[in-house]
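One structure below.
The values are calculated or read from the model by the stated rules, or taken from the named source; none is laboratory data. On a predicted model such as this, the values are computed, not experimentally measured, just so you know. Here Cβ is always computed from backbone atoms with ideal geometry, including for glycine, and neighbour counts include all displayed protein chains. Surface accessibility is based on the protein's heavy atoms, side chains included, excluding ligands, DNA and RNA. Shrake-Rupley method; radii C 1.70, N 1.55, O 1.52, S 1.80 Å.
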Amino acid sequence: MRAASPGVRPDMQPHGDSHFLPDRPRPGAGAAGFSLVEVVVVILIIGLIALAALRNLPDPRSLEGGLAADQMRAHLRYAQRMAMDRERNVQVIFRVASNSYDVLLADTNVAPVTYALARHPTTQQDWRVNLDDEFQDVTMTAASIGGSNVLVFSSTGGLPCQASGAAVTSTATITFGAKFTVSIIPGTGYVAIQ
């Protein structure tokens, strides 16, 4: 091998008849990076994966309905507990037309019983829940408690009763659209979401 010519890059050494040819590039030592086609293909694949993921996300309105049903379940359980702890009837009036419900506490257990709005456990304000104020696109579509819209938790064991005081004999339901139903089980007052 000849000695390197002064002033000539090492990869441009003379070969054979004094022609200067570049050495062959080593494998993997070519231009670093990706071609435009490779970058576009990767972006398209990422876009398709993101689109598939977005299509599988739940509808935000169904999340709101679930939150409203969860809140109602918690309120009903609290109202039942309040009836047992205070040994007074607690009445819940569902107003489908105004998309709201009120929780009332009996002033006494001696007839004639009158009810006044109970205090909300966290705000200590009158316990009146307007679903339009708290949730978007959540509508109470039906309330069925033995043919009425009034549920009473009795002071004796928190049993679910009708407005007349008669025990609820079939499952009481409050429905939010077509997706969520809050059910109150007769005999125990267990509250479930279906």
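Identify the residue in the range 127-148 that is open to solvent by 80 Å² or more (accessible area, probe 1.4 Å) and touching a Ser or Thr at 6+ places or on another chain (Cβ under 9 Å) and, among all such residues, is modelled with the highest pLDDT.
Only one residue fits best here, namely R128.
Could you check the range 35-81 and list, in sequence order, the residues that are more than 27 Å from the chain's Cα centre (by Cα), open to solvent by less than 100 Å² (accessible area, probe 1.4 Å) and of a type outside the set (S, T, Y)?
Matches in the range 35-81: E38, V39, V40, V41, V42, I45.
Restricting attention to the range 103-126, report how many residues are crowded, with 17+ Cβ neighbours inside 10 Å and over 22 Å from A192 (Cβ atoms). Spell out how you get there, then give the answer.
We begin by selecting, within the range 103-126, every residue crowded, with 17+ Cβ neighbours inside 10 Å; these are 103-106, 115, 118.
Narrowing the set further to residues that are over 22 Å from A192 (Cβ atoms) leaves 104-106, 115, 118.
Number of matching residues: 5.
Does S170 satisfy the criteria of being of a type in the set (G, A, S) and touching a helix residue (DSSP H, G or I) at 6+ places or on another chain (Cβ under 8 Å)? Quick ask: steps written out before the conclusion?
Numbers: of a type in the set (G, A, S): yes; touching a helix residue (DSSP H, G or I) at 6+ places or on another chain (Cβ under 8 Å): no.
No.
Could you check the range 137-177 and list, in sequence order, the residues that are assigned to a loop (DSSP other than H, G, I, E, B) and closer than 19 Å to A97 by Cβ? Spell out the reasoning first.
The first filter runs over the range 137-177 and keeps only residues assigned to a loop (DSSP other than H, G, I, E, B), leaving 137-139, 146-147, 149, 154-159, 162-166, 168-171, 177.
Within the range 137-177, D137, V138, T139, G147, N149, A163, G177 meet the criteria.
Read through the list (1) surrounded by fewer than 20 Cβ atoms within 10 Å (Cβ to Cβ); (2) at pLDDT 90 or above, then give the number of the only condition that L151 fails.
Only one criterion is unmet by L151, namely (1).
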